[in-house]
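Reviewing the structure listed below.
The values are calculated or read from the model by the stated rules, or taken from the named source; none is laboratory data. Computed from a predicted structure; not experimentally measured. We place every Cβ from the backbone using ideal geometry, glycine too, and count neighbours over all the protein chains shown. These area figures cover heavy atoms from the full protein model, side chains too; ligands, DNA and RNA do not enter into them. Shrake-Rupley method; radii C 1.70, N 1.55, O 1.52, S 1.80 Å.
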Amino acid sequence: MAWLAAGEGYEIALVEGRVAARSATGRTAGRQLKTLPKALKDHPEVDRLRRLAEWLDRHEAACAAQVDSWMVSSLPVPTELLARVWPDEAWQSALRDVAVVGDDPDEVGFLRDATASGELKVVNLDGETVRLSPRTVTLPHPVLLPDLDDVRDFAAELGIVQRVEQIHRATWLKPGEVAATATEVRDYAGGAFPTRFSLAARATGLGYRVSGGYATCKVRDSGTGTEAAVWIGEPYYEDETTTGALSWHDEDGRAVRLTEVGPVAWSEGMRMAAALYAGRKIEEGGDA
């Protein structure tokens, strides 16, 4: 980013997400200062850059959240759309090295580039860079990837680091047998928290929605909308509370039997329940 004049003898710019200043005159001209001079702290240009930095942070978070949503829901994404947003550094950071699938569902590749002509460059599982031009691609949820362990090993060999957690995302597979009429899972029930507020705060801090007495996350699984929900206690309850059962509901709010819960909805629901439970109070001492 270009350096902007700000006050007598100084220039400012955004450097690694923060406002930095440098001398503009004298023997130290061009030398970046370690801290922002007091004379610049209330300067209008400094305030403008600070607000720009805040917007860029929100934009980066929004891009990552959108890519995560595409992946969790395995929605088809137009290749043309990826090509249009790719020049934006925030979008590129969220999309780079995401595993994508084009016309052939068995051909998985890691996204490395998207050209203006709508062509994608990916590294396939043979280590070759290939070009794809499908009309749409999906960013598959890891539970849907065949040979996920092999994909993870290959990614480690390539040194792939994903901005959006995908291939190394924690996954849960539904047991082969579940009760035909069961509608809830209690694997992560009973985690104690000092207050309902602290449990709700953990849920929102992890990116989940809190509605009424539940922490929830929405997933599209095989084209069907499903909401996973964990009971966290009545709102405004001030005493100690514990995590409750995990259940799933359809788009009309009806409970879904466990036998009918799809693989992505199951994995994401269990992931939420486990993440909430991990923040519970741990008893210490001989009676723990």
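Given the convex hull over the Cα atoms of the range 131-288, what projected area results after averaging over all orientations, in nm²? Write out the running numbers ahead of the final one.
Values: hull surface 52.8 nm².
Spelled out: convex hull of the Cα atoms, projected over all directions, averaged, 13.2 nm².
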Step through the residues of the range 189-199 one at a time and calculate ³J(HN,Hα) from phi using the Karplus curve (6.51 cos²θ - 1.76 cosθ + 1.60, θ = phi - 60°), rounding each to whole Hz and writing x for Gly and Pro.
-> 7, x, x, 8, 10, x, 8, 5, 4, 5, 5
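For the range 30-137, state which GluC sites (Glu not before Pro) are in a DSSP loop and have at most 10 other beta carbons lying within 10 Å of their beta carbon.
E128
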Can you give the angle from 0 to 90° between the axis of helix 263-277 and the longest principal axis of the chain, with both taken from C-alpha atoms, to the nearest 10?
-> 80
Measure nothing fancy, just the Cα-based angle from helix 44-73's long axis to the longest principal axis of the chain, in degrees from 0 to 90, nearest 10.
-> 30
Heavy atoms only, probe 1.4 Å: what % of the accessible area of the chain goes to carbon and sulfur, would you let me know?
-> 47
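Plugging the Kirkwood radius over Cα pairs into Stokes-Einstein for the range 1-133, at a temperature of 20 °C and a viscosity of 1.002 mPa s, what D comes out in µm²/s?
Working: Rh = 17.6 Å.
Translational D for this selection: 122 µm²/s.
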Could you name the aspartates and glutamates whose alpha carbon sits less than 15 Å from that of K34, not counting residues in the same chain fewer than 8 places away?
-> E11, E16
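May I ask you to give the solvent-accessible area per residue for the range 51-101, in square angstrom, as obtained with a 1.4 angstrom probe? Could the numbers behind the result be given before it?
Values: 2530 Å² over 51 residues.
Per-residue value: 50 Å².
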With a point put 7 Å past each Cα toward its Cβ, work out how far Q66 is from A39 in nm, to one decimal.
-> 4.2
Which lysines have a Cα less than 26 Å from the Cα of K174, not counting those fewer than 8 places away in the same chain?
-> K218
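Using the heavy atoms of the protein chains and a 1.4 angstrom probe, tell me the accessible area per residue for the range 233-281 in square angstrom. Each step should come with its number before you reach the end.
Numbers: 2420 Å² over 49 residues.
The answer is 49 Å² per residue.
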L75 to H168: FRET efficiency via 1/(1 + (r/R0)^6), r the Cβ-Cβ distance, R0 22 Å, to the nearest 0.05?
-> 0.60
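Can you give the convex hull volume per residue for the Cα atoms of the range 1-79, as a whole number of Å³?
Values: hull volume 9.1 nm³, N = 79.
Once divided by residue count, the hull of the range 1-79 is 115 Å³.
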Hey, what did the range 155-253 get for relative contact order, percent, Cα under 8 Å, at least 6 apart?
-> 30
For the chain, what is the per residue volume of the convex hull drawn over the alpha-carbon atoms, in cubic angstrom?
-> 232
Could you grab the relative contact order for the chain? Cα pairs under 8 Å, six or more apart, rounded to a whole percent.
-> 13
Give the calculated FRET efficiency between K281 and E54 to the nearest 0.05, with a Förster radius of 35 Å applied to their Cβ-Cβ distance.
-> 0.50
On a 0 to 90° scale, report how tilted helix 148-158 is relative to the longest principal axis of the chain, with both axes built from alpha carbons and the result rounded to the nearest 10.
-> 20
Go through G253, G159, W91 and say which Cα lies farthest out towards the positive end of the charge dipole of the chain; charges sit on Cβ, +1 for Lys and Arg, -1 for Asp and Glu.
-> W91
